[in-house]
Structures are given as structure tokens and as C-alpha cells.
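Okay, structure first, notes after.
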Amino acid sequence: MMNEKPSSTAGFQPVGLLARAELLEHAKHPRNRGALETADMVSEEANPLCGDVVTVYAALDSGADHRSRITRLSFTGHGCLISQAAASMLTEYVVGKSVEEFLRMGRGDMERLLGGVLSPSRVKCAMLPLLAVRNGLARFSHAVHP
Amino acid sequence: MNRDALSSSAKGLARVAARDTSASPPHDKRAADVAGLRAQFPILSRNMRGQPLVYLDNASTTQKPQRVIDAEAQLYETLNANVHRGVYELSEQATEAYVAAHEAVARFINARSAEEIVFVRNATEAINLVASSWGVEHLKRGDQILLTAMEHHSNIVPWQEVARRTGAELRWVECTADGRLDLDDLHSKLTDRVRLVAVTHVSNVLGTVNPIAEIIREAHQVGARVLVDAAQSISRLPIDVQAFDADFLVFSGHKMYGPTGIGVLFGRRELLEAMPPYIRGGDMVKTVTREQATWNDLPWKFEAGTPNIAGGVALEETIRFLSEIGMERLWAHEQALVAHALPRLRNVPGLTVLGPQARVGIFSFTMNSIHSHDLASFLDERGIAVRGGHHCAQPLLTSLGLTECARASVGLYNTAEDLNRLVSALEEAHRLLR
């Protein structure tokens with residue numbers, strides 16, 4: 001399970017997440033939006049309650065150390081600003097990270113990316129793209145190492 | 001207020017509702033007096049996100065005045081004993097208070113007697129009671145249950161189960177483009193195959209006030225029974241089950257400034273008498289042998305097990321609170337807020353308000369393609385509590401071509417200033433989020 005514990009609020013404004021320029025900029029002009037033709041992994045997660053859908057496409061590469069790294073991540077989908085901004089920010093953040101590094105990411109990391117504390121009712125919006133990558137990687141590694 | 005006055009005022013208000021939303025000017029003194037009652041609601045002095053709370057989710061649940069909170073506590077402090085059981089004085093007093101609460105509800109909605117008042121957990125349970133007991137007993141293959149496109153899930157899902165179990169068919173009355181019930185469609189679908197019409201009095205999304213007496217009159221002409229969901233109307237306008245000629249009418253305490261966990265089923269006496277119990281156990285029986293049992297009198301036949309005594313007594317205090325204000329004043333106050341808010345909301349760039357002109361103080365809206373949860377979060381960051389999502393009315397939103405929307409809904413303690421704060425926050429949202 002992902003780390004769902006509330007993060008420390010130190011260093012964050014408790015209000016105004018949706019007024020943060022960077023978050024809004026990502027939501028309105030998402031990075032790496034679109035399907036990846038050469039994806040090694042495709043994974044979709046949806047939140048039926050609010051209609052958020054995120055599909056992630058990842059290209060993976062095994063380096064000399066035989067550790068899989070995420071070389072590209074893109075996404076498609078629709079939904080609230082937070083889920084879409086989180087997906088956009090994640091696609092930039094994870095490039096070059098190893099799968100192990102990615103699997104250590106949790107709520108606190110998403111809050112750092114988004115630049116504010118998530119209220120309990122909005123956590124699942126921000127976690128949706130992270131969950132999509134995580135579940136996709138789990139299936140991918142199962143397929144590679146059954 | 002006597003019953004005749006209440007009944008005629010109900011008719012008068014229904015006419016006002018059908019004709020015009022500006023029943024009284026925004027600065028009506030009586031209306032201002034109503035908002036002055038907000039000091040009696042302790043929760044409204046809380047700050048949210050560092051700012052004074054503007055609570056605009058009253059269609060979800062209302063806040064409670066101190067006297068209602070006190071009434072619930074006082075039951076436990078001074079009157080707590082089981083009801084209908086003990087021969088000792090304390091139990092007799094508790095029973096008396098619990099019975100009196102039923103009588104207060106009967107007077108409040110002008111039922112013929114307290115035997116027609118069943119206490120349940122909430123409106124949802126009341127509908128489930130009617131569906132499981134009356135519905136399963138009376139409906140069969142070939143019968144039709146007529147619902148409306150603006151029903152809350154609680155007045156849909158129980159009937160889907162009745163249809164599945166009995167073979168009866170669900171049919172739907174559609175809405176007009178401006179969010180009223182299509183009475184022509186109702187008329188054409190009201191055939192003698194319709195055995196039940198399940199209809200909301202006030203839409204929890206659109207704020208529409210349905211012409212309930214007219215609907216019931218038409219339904220009775222084809223021999224159909226009518227269940228009225230009064231969850232949204234009970235706190236907003238006078239309810240008179242005899243003037244409506246209602247068969248069943250349901251509501252929740254928590255949406256009328258009363259406690260959670262207590263709700264009411266009104267049922268016409270002869271219908272309730274012919275219905276089998278919904279749940280079975282203690283208190284709903286007269287005699288029990290190893291083989292069988294005989295049922296208690298109304299309404300206790302439907303109140304198995306130890307009931308929510310404190311909730312019932314606090315509901316009576318709620319009714320006393322509302323009656324002292326007067327439902328006409330509450331209506332006038334709310335209509336003044338509607339007249340204040342509706343043009344201002346419609347002026348916000350990008351904002352589309354759902355529903356008709358004539359309405360209660362429920363405003364559902366969309367803003368461009370901004371998700372309602374983002375709008376709700378944005379407002380929350382400014383201390384304003386509204387609801388986002390599908391409002392337990394997915395079939396309605398689907399028929400409107402939506403999956404979700406935001407909703408602001410007023411209560412008696414809301415002021416024009418609260419709505420001004422909503423409007424300016426929405427203008428800000430349009431600038432920042434679009």
C-alpha cells in the first residue's frame with residue numbers, strides 16, 4: 001500500500017493549493033500529454049466517484065546495473081485540476097528515476113510536487129496518477145518475472 | 001398557528017412558489033430577523049481554513065441550534081429509560097416524551113393522528129420501509145412504478161429492488177429543459193397500470209418545487225398511491241399531508257435543523273394498517289408464542305427494537321423551534337435570499353446555474369469545464385462550504401448531460417452577505433482556474 005498518512009505541514013501554506021501558479025500552469029498546459037507509441041507499460045486508473053481518469057504510458061530501460069529506470073512517462077485522461085496537474089508534474093519528475101525509487105514515492109512526495117497540503121477529500125485525486133504508474137509497474141514486473 | 005391557517009398558507013405559498021421567486025424584498029425585516037437566529041447555532045462561530053465559516057451545504061445537512069443539542073442531552077440527563085416497557089415512573093416519563101414527539105410531528109405536518117407517524121433513522125429508511133413492506137406486498141408483474149428524473153438515489157434504488165423482486169416495471173417522468181417536472185409527460189404516463197408514484201417535493205439539485213397536490217390528485221384518479229420525498233421541503237415550506245392528500249411522505253430530522261439518526265415516515269392509517277412489518281423484534285409485537293406473533297398497534301408495529309428516544313425528543317424540540325419562527329417566515333427569508341443570489345450568480349462569468357427561476361435556495365452550477373471538486377476546494381480554501389459531485393442524483397445529472405456539478409444551498413441562518421462572499425469567490429475562481 002502507498003503511504004497515505006498525512007504529511008507534515010511544515011513549510012506549506014495550509015490554504016490556497018488551488019491558487020498555486022505552478023499547479024494551475026501544469027493543469028492548463030500539461031506536460032507529456034498523449035499516448036506513448038513505444039510504451040513498455042500502459043496503465044489506467046479511474047475514480048468513478050468524481051469521474052477522474054488517468055492513463056499513464058511508461059518507457060523503461062535496464063541500465064548496466066540491471067536496474068529498470070523510467071526513461072519516459074506520458075499520460076492521457078480527464079478530470080479535476082489536481083489529478084491532471086499531478087499527472088503532468090509526475091511525468092517530469094520520474095524521468096531517470098529507478099523503479100525502486102519510484103516505488104518509495106507516497107503522499108508526501110505528491111504534496112511536495114504540487115506545492116501544498118492535500119485535504120483528506122482531495123488526496124485520492126493527487127494519488128491517482130501515482131497509483132496508475134505503481135499498478136502498471138507491478139503488472140509489468142510480473143509479466144517480465146512471472 | 002392553527003391547522004386551517006397552516007393549510008391555507010401552504011396553498012398560498014405554493015401559489016407564490018409557482019408564480020414568482022421574489023416573494024419578499026431582500027431587506028424584508030422579517031427575513032432579517034430569521035438570519036438573526038444564527039447566534040443560536042454554535043457551530044457557525046467556527047473558523048474554517050482560517051476564515052469565518054460560510055455554511056452553504058444545507059441540502060446535505062443543516063446545522064443544529066443549541067436548544068436542539070440541549071434537548072438531546074437533556075433526555076439522557078433527566079429522562080433516560082426504555083420506552084413502552086417499565087411500570088416505574090422514569091420509564092413512564094420517557095414513554096410520554098417519546099409519544100409526545102410523535103404527536104408533535106403529526107401536528108407539524110397535519111396528520112390525522114400520531115398513529116400515522118413512524119419514527120425511522122432517516123428519509124432513506126422510510127422509503128425502504130414502504131418499498132419492502134407496501135411495495136413487495138402490493139406490486140406484481142405488469143404493474144408500473146412511476147419515478148421522476150429528478151429523484152434522489154434514495155427514491156430510486158429501493159424501487160429498483162422492488163421491481164426486481166415483483167416484476168413491476170419502473171417508468172420515468174422527464175424534466176423540462178428549464179428543470180421543472182414535465183407535467184404533460186406525467187399525464188401521459190399516468191395510466192391505470194401505475195400503482196405507485198414516487199416523487200420528490202423539492203429537487204435536491206435543481207431547487208424545483210413540484211406541484212405536489214396536483215400530482216397526487218392526478219395519481220389518485222388512476223388509483224395510484226403516491227410517496228412524497230419531503231427531505232428538502234420539510235425545512236423550507238409548510239407541509240400539510242391532508243391538504244396534499246398524501247399516501248406516504250418521508251423526511252429526515254437532520255435536514256430540518258434536528259439531529260441525525262431520526263427520520264419520519266408518514267403513512268395514511270389504512271395503508272399502514274394493511275402493511276406487514278418491515279423489521280421484526282421487540283416492541284412491535286403484542287403477543288409472541290413459540291410459533292408466531294401478533295403485531296402491536298400503529299405506529300409501534302413499525303418501530304421494532306429500542307428506538308432513538310433522544311433523537312425523537314430532540315426532533316420535537318426542532319419542530320418547536322421551527323414553529324416558533326413560522327414556516328411562512330422561513331419561506332419569505334429563503335425567497336429573499338433566492339432573489340438576492342440568483343441574478344448575482346447568473347452574472348458570474350462562465351457560470352451556468354441549473355434549474356428554474358422559481359425555486360428554493362438550492363443553486364447547482366457549473367463553471368466552464370472546471371470540475372466541481374476543484375470549485376468546491378477553491379471555495380473551501382476561502383471558508384465556504386459547498387458540495388461538489390453528483391448529489392446522489394446521477395440519473396438527473398446524466399439527463400442534463402453532466403456527471404457532476406457544484407451546489408450551494410442555504411439555510412435559515414444564511415445572509416445576503418454569505419451569498420456575496422460566494423459570488424466574489426466564484427468570480428475569483430473564474431479568473432484563476434479557468
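For the range B:103-157, enumerate the residues that are in contact with a Cys (Cβ under 6 Å, 6 or more places away or on another chain) and small (Gly, Ala, Ser).
B:Ala149
Quick check on the range B:196-239: of everything there that is among the acidic types (Asp, Glu) and surrounded by fewer than 24 Cβ atoms within 10 Å (Cβ to Cβ), which residue is farthest from B:Ala406 (Cα to Cα)?
B:Glu218
Only one of these is touching a residue at least 12 places away in the same chain (Cβ under 8 Å), closer than 22 Å to A:Arg122 by Cα and touching an Asp or Glu at 6+ places or on another chain (Cβ under 9 Å): B:Ser399, B:Ser409. Name it.
B:Ser409
Is it the case that some residue within the range A:90-112 is closer than 22 Å to B:Ser377 by Cα, more than 14 Å from chain B (Cβ to nearest Cβ) and small (Gly, Ala, Ser)?
yes
Considering B:Pro356, B:Pro276, B:Pro343, B:Pro259, which residue is in contact (Cβ under 8 Å) with a residue 40 or more places away in the chain and assigned by TED's automatic domain parsing to the domain that holds B:Leu426?
Unique residue meeting the criteria: B:Pro356.
Only one of B:Ala114, B:Ala101, B:Ala131 is of a type in the set (A, V, I, L, M), farther than 25 Å from B:Leu206 by Cβ and either surrounded by 22 or more Cβ atoms within 10 Å (Cβ to Cβ) or touching a strand residue (DSSP E or B) at 6+ places or on another chain (Cβ under 9 Å) (or both). Can you tell me which?
B:Ala101
Which residues, taken from the range B:171-206, are among the β-branched types (Val, Ile, Thr) and either at pLDDT below 95 or closer than 19 Å to B:Ser409 by Cβ (or both)?
The answer is B:Thr200, B:Val202, B:Val205.
Matching residues to (1) under 29 Å from B:His390 (Cα atoms); (2) modelled with pLDDT under 85; (3) crowded, with 16+ Cβ neighbours inside 10 Å:
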{"site": "A:Glu4", "(1), (2), (3)": "yes, yes, no"}
{"site": "A:Gln13", "(1), (2), (3)": "no, yes, no"}
{"site": "A:Leu18", "(1), (2), (3)": "yes, yes, yes"}
{"site": "A:Ala21", "(1), (2), (3)": "yes, no, no"}
{"site": "A:Ala27", "(1), (2), (3)": "yes, no, yes"}
{"site": "A:Gly34", "(1), (2), (3)": "yes, no, no"}
{"site": "A:Thr38", "(1), (2), (3)": "no, no, no"}
{"site": "A:Glu45", "(1), (2), (3)": "yes, no, yes"}
{"site": "A:Gly51", "(1), (2), (3)": "yes, yes, yes"}
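Any residue in the range B:115-129 that's polar (S, T, N, Q): show its pairings with residues that are outside any helix (DSSP H, G or I) at Cβ separation under 7 Å, as long as the two are six or more apart or on different chains.
B:Asn122/B:Ser252; B:Asn122/B:Gly263
In this structure, is B:His390 closer than 21 Å to B:Ser233 by Cα and free of Cβ contacts under 8 Å to residues at least 40 places away in the same chain?
Criteria met by B:His390.
How many of the residues making up the range A:71-86 are crowded, with 23+ Cβ neighbours inside 10 Å and more than 14 Å from chain B (Cβ to nearest Cβ)?
Residues in the range A:71-86 being crowded, with 23+ Cβ neighbours inside 10 Å and more than 14 Å from chain B (Cβ to nearest Cβ): 2 in total.
Mind listing just one residue for me: the one in the range A:103-124 that is within 19 Å of B:Ala385 (Cβ to Cβ) and hydrophobic (A, V, I, L, M, F, W, C) and, of those, surrounded by the most Cβ atoms within 10 Å (Cβ to Cβ)?
Restricting to residues being within 19 Å of B:Ala385 (Cβ to Cβ) and hydrophobic (A, V, I, L, M, F, W, C), the top hit is A:Leu118.
Could you check the range B:382-420 and list, in sequence order, the residues that are among the aliphatic types (A, V, I, L, M), more than 13 Å from chain A (Cβ to nearest Cβ) and more than 16 Å from B:Leu53 (Cα to Cα)?
Passing the criteria: B:Ala393, B:Leu396, B:Leu400.
Restricting to the range A:35-67, give me the number of residues that are away from chain B (no Cβ under 14 Å) and without any contact (Cβ under 8 Å) to a residue 60 or more places away in the chain.
So the count comes out to 14.
In the range B:324-381, which residues are on the phi > 0 side of the Ramachandran plot and either modelled with pLDDT of 95 or more or more than 14 Å from chain A (Cβ to nearest Cβ) (or both)?
B:Gly326, B:Gly350, B:Gly355 - these are the residues of the range B:324-381 that are on the phi > 0 side of the Ramachandran plot and either modelled with pLDDT of 95 or more or more than 14 Å from chain A (Cβ to nearest Cβ) (or both).
Here are some residues: A:Asp109, A:Asp61. Which one is farther than 24 Å from B:Met367 by Cβ, assigned to a helix (DSSP H, G or I) and either modelled with pLDDT of 90 or more or over 12 Å from the mean Cα position of the chain (by Cα) (or both)?
When all the criteria are applied, what remains is A:Asp109.
Quick test of your reading of the structure: B:Ala393 fulfils all but one of (1) modelled with pLDDT of 95 or more; (2) closer than 20 Å to A:Cys80 by Cβ; (3) surrounded by 24 or more Cβ atoms within 10 Å (Cβ to Cβ). Name the failing condition by number.
In the conditions (1) modelled with pLDDT of 95 or more; (2) closer than 20 Å to A:Cys80 by Cβ; (3) surrounded by 24 or more Cβ atoms within 10 Å (Cβ to Cβ), B:Ala393 misses (1) alone.
Please go through the range B:129-143 and pick out each residue that is outside any helix (DSSP H, G or I) and of a type outside the set (Gly, Ala, Ser).
Once the filter is applied, which keeps residues that are outside any helix (DSSP H, G or I) and of a type outside the set (Gly, Ala, Ser), the range B:129-143 yields B:Leu139, B:Lys140, B:Arg141, B:Asp143.
May I ask you to list the residues in the range B:34-88 that are of a type in the set (Asp, Glu) and more than 27 Å from the chain's Cα centre (by Cα)?
Across the range B:34-88, the qualifying residue is only B:Glu77.
The values are calculated or read from the model by the stated rules, or taken from the named source; none is laboratory data. Please read these numbers as outputs of a predicted model, since none were measured by experiment. All Cβ positions, glycine included, derive from the backbone under ideal geometry; neighbour counts span all protein chains shown.
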